[in-house]
């Protein structure tokens, strides 16, 4: 599921944004494809520098989702609500949900 990271607290938020669908995907590939489609809708997107920058220099998106059940893809930039408000960087990624029948 595509979610917003709540600042490293271990909590994830289902986005209340029309660009981000509230969908639980059946496969990792479907979810990652949808995530990349979502971030492409925004005028400004800052990707995580996996393999290059702290704290992601020794990992990949795939390792993060496998080991931590969450992987950050990057930050979408949304304009402030008022004209004078600064834009906000919103961390977006995938969370892996467990299912048992």
Task: Unmet requirement for residue 24, which otherwise passes all of (1) touching a residue at least 60 places away in the same chain (Cβ under 8 Å); (2) part of a loop (DSSP other than H, G, I, E, B); (3) surrounded by 13 or more Cβ atoms within 10 Å (Cβ to Cβ) - done: (3)
Open item on the list: I'm told residue 74 meets every condition in (1) part of a loop (DSSP other than H, G, I, E, B); (2) surrounded by 13 or more Cβ atoms within 10 Å (Cβ to Cβ); (3) on the phi > 0 side of the Ramachandran plot except one. Can you identify the failing condition by its number?
Closed with: (1)
Task: Options 35, 72; residue that is in contact with a strand residue (DSSP E or B) (Cβ under 8 Å, 6 or more places away or on another chain) and touching a residue at least 60 places away in the same chain (Cβ under 8 Å) - done: 72
Open item on the list: Can you tell me which residue is nearest to the chain's Cα centre (by Cα) among those in segment 45-70 that are loosely packed, with under 12 Cβ neighbours inside 10 Å and in a loop (DSSP other than H, G, I, E, B)?
Closed with: 49
Open item on the list: Take the conditions more than 22 Å from residue 79 (Cα to Cα) and either buried (at least 16 other Cβ atoms within 10 Å of the Cβ) or under 14 Å from the mean Cα position of the chain (by Cα) (or both) and apply them to residue 30. Does it pass?
Closed with: no
Task: Pairs where the first residue, in segment 46-69, is on the phi > 0 side of the Ramachandran plot and at pLDDT below 95 and the second is part of a loop (DSSP other than H, G, I, E, B) and surrounded by 11 or more Cβ atoms within 10 Å (Cβ to Cβ), C-beta under 6 Å, 6+ apart - done: 69/96
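The values are calculated or read from the model by the stated rules, or taken from the named source; none is laboratory data. Bear in mind the structure is a predicted one, so any value in this text is a computation, not a measurement. FYI the Cβ positions are ideal-geometry reconstructions off the backbone, even for glycines, and counts take in every protein chain you see.
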